[in-house]
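Structure first, commentary second.
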Amino acid sequence: MPPKVHTRFQAIKDFFKKDPKNTPVGEVISTAWDSPKDLIPHLNALRKHILRATIILILGVILSLTFSRQLLDWLTVPVGGIKLLEAIEVTEPMSVVMRVALLTGFTITLPYITLEIWLFIAPGLKIKPRLWGLVFIPLATILFAGGMAFAYFVMIPAALPFLLNFMGIQTTPRPASYIRFITGLMFWIGATFEFPLIIFVIAKLGWIKAKTLASQWRIAIIIISIFAAVITPTVDPINMLLVMGPMIVLYLFSTLLAYLAQS
(Lines give C-alpha, C1' and ligand atoms only; values in the text may rest on other atoms or scores of the structure.)
Protein backbone atom coordinates (compact mmCIF):
# COMPACT_ATOMS: atom_id res chain seq x y z
CA MET A 1 0.00 0.00 0.00
CA PRO A 2 1.41 3.45 -0.94
CA PRO A 3 2.50 5.55 2.07
CA LYS A 4 -0.07 8.30 1.39
CA VAL A 5 -2.93 5.83 1.17
CA HIS A 6 -1.74 4.05 4.31
CA THR A 7 -1.54 7.37 6.17
CA ARG A 8 -5.04 8.29 5.11
CA PHE A 9 -6.47 4.93 6.20
CA GLN A 10 -4.66 5.25 9.52
CA ALA A 11 -6.15 8.73 10.01
CA ILE A 12 -9.64 7.38 9.34
CA LYS A 13 -9.03 4.50 11.75
CA ASP A 14 -7.86 6.88 14.48
CA PHE A 15 -10.85 9.13 13.80
CA PHE A 16 -13.23 6.34 14.83
CA LYS A 17 -11.15 5.17 17.79
CA LYS A 18 -10.12 8.27 19.68
CA ASP A 19 -12.49 10.08 22.03
CA PRO A 20 -12.18 13.86 22.39
CA LYS A 21 -11.19 15.41 25.71
CA ASN A 22 -14.11 15.56 28.11
CA THR A 23 -14.10 19.32 28.70
CA PRO A 24 -17.11 20.98 30.40
CA VAL A 25 -19.09 23.36 28.20
CA GLY A 26 -18.54 26.23 30.62
CA GLU A 27 -14.79 25.78 30.45
CA VAL A 28 -14.89 25.70 26.63
CA ILE A 29 -16.87 28.95 26.52
CA SER A 30 -14.54 30.56 29.06
CA THR A 31 -11.46 29.51 27.09
CA ALA A 32 -12.93 30.82 23.82
CA TRP A 33 -13.82 34.11 25.52
CA ASP A 34 -10.34 34.55 26.98
CA SER A 35 -8.54 33.47 23.82
CA PRO A 36 -10.61 34.12 20.66
CA LYS A 37 -7.64 33.10 18.49
CA ASP A 38 -8.31 29.48 19.49
CA LEU A 39 -11.54 29.65 17.46
CA ILE A 40 -9.74 30.46 14.20
CA PRO A 41 -8.94 26.80 13.29
CA HIS A 42 -12.58 25.85 13.92
CA LEU A 43 -13.85 28.78 11.86
CA ASN A 44 -11.50 27.83 9.02
CA ALA A 45 -12.76 24.25 9.18
CA LEU A 46 -16.36 25.48 9.13
CA ARG A 47 -15.61 27.68 6.13
CA LYS A 48 -14.19 24.69 4.20
CA HIS A 49 -17.22 22.53 5.00
CA ILE A 50 -19.64 25.29 3.95
CA LEU A 51 -17.67 25.90 0.75
CA ARG A 52 -17.68 22.23 -0.24
CA ALA A 53 -21.38 21.88 0.56
CA THR A 54 -22.18 25.00 -1.45
CA ILE A 55 -20.23 23.76 -4.48
CA ILE A 56 -22.04 20.42 -4.41
CA LEU A 57 -25.38 22.20 -4.02
CA ILE A 58 -24.63 24.37 -7.07
CA LEU A 59 -23.73 21.26 -9.08
CA GLY A 60 -26.97 19.65 -7.93
CA VAL A 61 -28.97 22.68 -9.05
CA ILE A 62 -27.23 22.67 -12.44
CA LEU A 63 -28.01 18.98 -12.85
CA SER A 64 -31.63 19.62 -11.90
CA LEU A 65 -31.90 22.31 -14.57
CA THR A 66 -31.37 19.67 -17.24
CA PHE A 67 -34.54 17.91 -16.03
CA SER A 68 -36.54 21.06 -15.34
CA ARG A 69 -39.23 20.30 -17.91
CA GLN A 70 -39.88 16.81 -16.54
CA LEU A 71 -39.90 18.16 -12.99
CA LEU A 72 -42.40 20.88 -13.87
CA ASP A 73 -44.64 18.36 -15.63
CA TRP A 74 -44.62 16.21 -12.49
CA LEU A 75 -45.22 19.08 -10.07
CA THR A 76 -48.16 20.42 -12.08
CA VAL A 77 -50.01 17.08 -12.26
CA PRO A 78 -52.20 17.96 -9.21
CA VAL A 79 -53.42 21.13 -10.92
CA GLY A 80 -54.07 19.48 -14.30
CA GLY A 81 -50.80 20.00 -16.13
CA ILE A 82 -48.41 22.81 -16.96
CA LYS A 83 -50.58 24.03 -19.86
CA LEU A 84 -53.23 25.23 -17.40
CA LEU A 85 -50.82 27.70 -15.81
CA GLU A 86 -50.76 31.22 -17.26
CA ALA A 87 -47.74 33.51 -16.78
CA ILE A 88 -48.25 37.28 -16.80
CA GLU A 89 -44.63 38.38 -16.40
CA VAL A 90 -41.75 37.95 -18.84
CA THR A 91 -39.35 36.49 -16.27
CA GLU A 92 -41.93 34.35 -14.49
CA PRO A 93 -41.18 31.03 -16.26
CA MET A 94 -37.44 31.45 -15.60
CA SER A 95 -37.98 32.12 -11.89
CA VAL A 96 -40.22 29.07 -11.68
CA VAL A 97 -37.57 26.84 -13.25
CA MET A 98 -34.89 28.15 -10.88
CA ARG A 99 -37.08 27.59 -7.83
CA VAL A 100 -37.80 24.00 -8.83
CA ALA A 101 -34.13 23.37 -9.63
CA LEU A 102 -33.08 24.79 -6.25
CA LEU A 103 -35.42 22.53 -4.28
CA THR A 104 -34.48 19.49 -6.37
CA GLY A 105 -30.77 20.27 -6.13
CA PHE A 106 -31.03 20.62 -2.35
CA THR A 107 -32.90 17.32 -2.07
CA ILE A 108 -30.45 15.26 -4.13
CA THR A 109 -27.40 16.80 -2.43
CA LEU A 110 -28.85 16.57 1.09
CA PRO A 111 -26.80 13.42 1.91
CA TYR A 112 -23.56 15.24 1.12
CA ILE A 113 -24.63 18.42 2.93
CA THR A 114 -25.51 16.31 5.98
CA LEU A 115 -22.13 14.59 5.68
CA GLU A 116 -20.32 17.93 5.77
CA ILE A 117 -22.28 18.94 8.88
CA TRP A 118 -21.36 15.63 10.50
CA LEU A 119 -17.68 15.98 9.55
CA PHE A 120 -17.61 19.37 11.27
CA ILE A 121 -19.19 18.29 14.56
CA ALA A 122 -17.88 14.68 14.67
CA PRO A 123 -14.43 15.53 16.14
CA GLY A 124 -16.19 16.89 19.24
CA LEU A 125 -18.32 13.76 19.72
CA LYS A 126 -17.51 10.54 21.48
CA ILE A 127 -17.03 7.35 19.46
CA LYS A 128 -20.60 5.98 19.69
CA PRO A 129 -22.37 9.24 18.72
CA ARG A 130 -19.79 9.63 15.97
CA LEU A 131 -20.71 6.23 14.53
CA TRP A 132 -24.41 6.97 14.91
CA GLY A 133 -23.88 9.97 12.68
CA LEU A 134 -23.13 7.70 9.74
CA VAL A 135 -26.58 6.16 10.18
CA PHE A 136 -28.25 9.55 10.42
CA ILE A 137 -26.95 10.74 7.04
CA PRO A 138 -29.09 8.41 4.88
CA LEU A 139 -31.89 8.53 7.46
CA ALA A 140 -32.09 12.33 7.22
CA THR A 141 -32.48 12.06 3.45
CA ILE A 142 -35.17 9.38 3.74
CA LEU A 143 -37.15 11.41 6.27
CA PHE A 144 -36.93 14.60 4.19
CA ALA A 145 -38.00 12.78 1.03
CA GLY A 146 -40.80 11.08 2.96
CA GLY A 147 -42.11 14.43 4.16
CA MET A 148 -42.03 15.83 0.63
CA ALA A 149 -43.88 12.76 -0.66
CA PHE A 150 -46.53 13.17 2.05
CA ALA A 151 -47.03 16.80 1.07
CA TYR A 152 -47.27 15.99 -2.65
CA PHE A 153 -49.44 12.86 -2.55
CA VAL A 154 -51.67 13.60 0.48
CA MET A 155 -51.80 17.29 1.40
CA ILE A 156 -51.71 19.00 -1.98
CA PRO A 157 -54.50 16.91 -3.61
CA ALA A 158 -56.65 17.66 -0.56
CA ALA A 159 -55.87 21.38 -0.50
CA LEU A 160 -56.04 22.32 -4.18
CA PRO A 161 -59.78 21.74 -4.80
CA PHE A 162 -60.56 24.01 -1.84
CA LEU A 163 -58.13 26.70 -2.95
CA LEU A 164 -59.03 26.74 -6.64
CA ASN A 165 -62.80 26.90 -6.07
CA PHE A 166 -63.06 28.92 -2.88
CA MET A 167 -66.48 30.68 -2.59
CA GLY A 168 -67.34 29.28 -6.01
CA ILE A 169 -64.73 31.46 -7.71
CA GLN A 170 -62.70 29.39 -10.17
CA THR A 171 -59.02 30.29 -10.10
CA THR A 172 -56.45 30.02 -12.88
CA PRO A 173 -53.12 29.74 -11.04
CA ARG A 174 -49.99 31.54 -12.18
CA PRO A 175 -46.80 29.47 -12.51
CA ALA A 176 -44.96 31.58 -9.92
CA SER A 177 -47.65 31.41 -7.24
CA TYR A 178 -48.42 27.73 -7.81
CA ILE A 179 -44.80 26.57 -7.77
CA ARG A 180 -44.03 28.81 -4.77
CA PHE A 181 -46.96 27.23 -2.95
CA ILE A 182 -46.17 23.62 -3.81
CA THR A 183 -42.39 23.77 -3.33
CA GLY A 184 -42.72 25.75 -0.10
CA LEU A 185 -45.17 23.23 1.32
CA MET A 186 -43.04 20.26 0.27
CA PHE A 187 -39.90 21.82 1.76
CA TRP A 188 -41.44 22.65 5.15
CA ILE A 189 -43.18 19.31 5.53
CA GLY A 190 -39.92 17.58 4.56
CA ALA A 191 -38.09 19.64 7.18
CA THR A 192 -40.75 18.74 9.76
CA PHE A 193 -40.13 15.04 9.17
CA GLU A 194 -36.54 15.59 10.37
CA PHE A 195 -37.84 16.32 13.87
CA PRO A 196 -37.45 12.77 15.28
CA LEU A 197 -33.85 12.63 14.12
CA ILE A 198 -33.06 16.01 15.70
CA ILE A 199 -34.68 14.96 18.99
CA PHE A 200 -32.71 11.71 19.00
CA VAL A 201 -29.43 13.59 18.56
CA ILE A 202 -30.31 16.12 21.27
CA ALA A 203 -31.32 13.33 23.65
CA LYS A 204 -28.15 11.42 22.85
CA LEU A 205 -26.14 14.49 23.83
CA GLY A 206 -28.09 14.66 27.08
CA TRP A 207 -29.72 18.03 26.38
CA ILE A 208 -33.29 16.75 26.72
CA LYS A 209 -35.02 13.85 28.48
CA ALA A 210 -37.72 11.55 27.18
CA LYS A 211 -39.61 12.12 30.43
CA THR A 212 -39.73 15.85 29.70
CA LEU A 213 -41.11 15.28 26.21
CA ALA A 214 -43.77 12.90 27.53
CA SER A 215 -44.88 15.23 30.33
CA GLN A 216 -45.08 18.32 28.08
CA TRP A 217 -47.28 16.76 25.41
CA ARG A 218 -50.04 19.36 25.90
CA ILE A 219 -47.67 22.24 25.22
CA ALA A 220 -46.26 20.30 22.26
CA ILE A 221 -49.73 19.96 20.70
CA ILE A 222 -50.33 23.70 21.08
CA ILE A 223 -46.99 24.48 19.39
CA ILE A 224 -47.75 21.94 16.66
CA SER A 225 -51.17 23.55 16.09
CA ILE A 226 -49.62 26.99 15.71
CA PHE A 227 -46.93 25.71 13.35
CA ALA A 228 -49.51 23.75 11.32
CA ALA A 229 -51.68 26.87 11.01
CA VAL A 230 -48.71 28.82 9.68
CA ILE A 231 -47.63 26.34 7.00
CA THR A 232 -51.08 25.00 6.06
CA PRO A 233 -52.05 26.39 2.65
CA THR A 234 -55.75 26.73 3.50
CA VAL A 235 -57.79 28.05 6.41
CA ASP A 236 -60.07 25.03 6.74
CA PRO A 237 -59.52 22.65 9.69
CA ILE A 238 -59.35 19.53 7.52
CA ASN A 239 -56.08 20.49 5.85
CA MET A 240 -54.75 21.76 9.16
CA LEU A 241 -55.44 18.35 10.67
CA LEU A 242 -53.64 16.74 7.73
CA VAL A 243 -50.55 18.64 8.86
CA MET A 244 -51.08 18.15 12.59
CA GLY A 245 -51.70 14.40 12.36
CA PRO A 246 -48.26 13.33 11.15
CA MET A 247 -46.56 15.99 13.31
CA ILE A 248 -48.17 14.58 16.47
CA VAL A 249 -47.17 11.07 15.42
CA LEU A 250 -43.65 12.34 14.79
CA TYR A 251 -43.61 13.90 18.27
CA LEU A 252 -44.62 10.62 19.88
CA PHE A 253 -42.04 8.80 17.81
CA SER A 254 -39.45 11.38 18.86
CA THR A 255 -40.26 10.69 22.52
CA LEU A 256 -39.64 6.99 21.92
CA LEU A 257 -36.36 7.74 20.17
CA ALA A 258 -35.30 9.99 23.05
CA TYR A 259 -35.97 7.11 25.44
CA LEU A 260 -33.89 4.77 23.28
CA ALA A 261 -31.11 7.34 23.08
CA GLN A 262 -30.87 7.44 26.87
CA SER A 263 -30.98 3.68 27.40
- Across the range 207-222, what is the total count of residues that are in contact (Cβ under 8 Å) with a residue 24 or more places away in the chain and farther than 17 Å from residue 249 by Cβ? 2
- Can you name the number of the only condition in (1) modelled with pLDDT of 85 or more; (2) in contact with a Ser or Thr (Cβ under 7 Å, 6 or more places away or on another chain) that residue 153 fails? (2)
- Query: Could you say which residue among 96, 135 is within 21 Å of residue 173 (Cα to Cα) and in a helix (DSSP H, G or I)?
  - Reply: 96
- Task: Could you tell me whether any residue of the range 78-92 is in contact with a Gly (Cβ under 8 Å, 6 or more places away or on another chain), modelled with pLDDT under 90 and not in a helix (DSSP H, G or I)?
- Result: no
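Condition check ((1) surrounded by 12 or more Cβ atoms within 10 Å (Cβ to Cβ); (2) acidic (Asp, Glu); (3) at pLDDT 65 or above) across all residues:
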| site | (1), (2), (3) |
| --- | --- |
| 34 | no, yes, no |
| 41 | no, no, yes |
| 52 | yes, no, yes |
| 55 | yes, no, yes |
| 62 | no, no, yes |
| 70 | no, no, yes |
| 95 | yes, no, yes |
- Note on the structure: Conditions (1) under 16 Å from the mean Cα position of the chain (by Cα); (2) more than 19 Å from residue 109 (Cα to Cα); (3) surrounded by fewer than 20 Cβ atoms within 10 Å (Cβ to Cβ) -> residue 149 fails only (2)
- Item | Every pair of residues 6+ apart whose Cβ atoms lie under 8 Å, when the first sits in the range 243-258 and is without any contact (Cβ under 8 Å) to a residue 40 or more places away in the chain while the second is crowded, with 18+ Cβ neighbours inside 10 Å and β-branched (Val, Ile, Thr) | 244/224; 248/224
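The rows are residues; the columns are (1) hydrophobic (A, V, I, L, M, F, W, C); (2) closer than 27 Å to residue 54 by Cα.
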site: 123; (1), (2): no, yes
site: 193; (1), (2): yes, yes
site: 199; (1), (2): yes, yes
site: 212; (1), (2): no, no
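The values are calculated or read from the model by the stated rules, or taken from the named source; none is laboratory data. None of these values were measured; they are calculated from a predicted model. Positions of Cβ are backbone-derived with ideal geometry, glycine not excepted, and every protein chain shown enters the neighbour counts.
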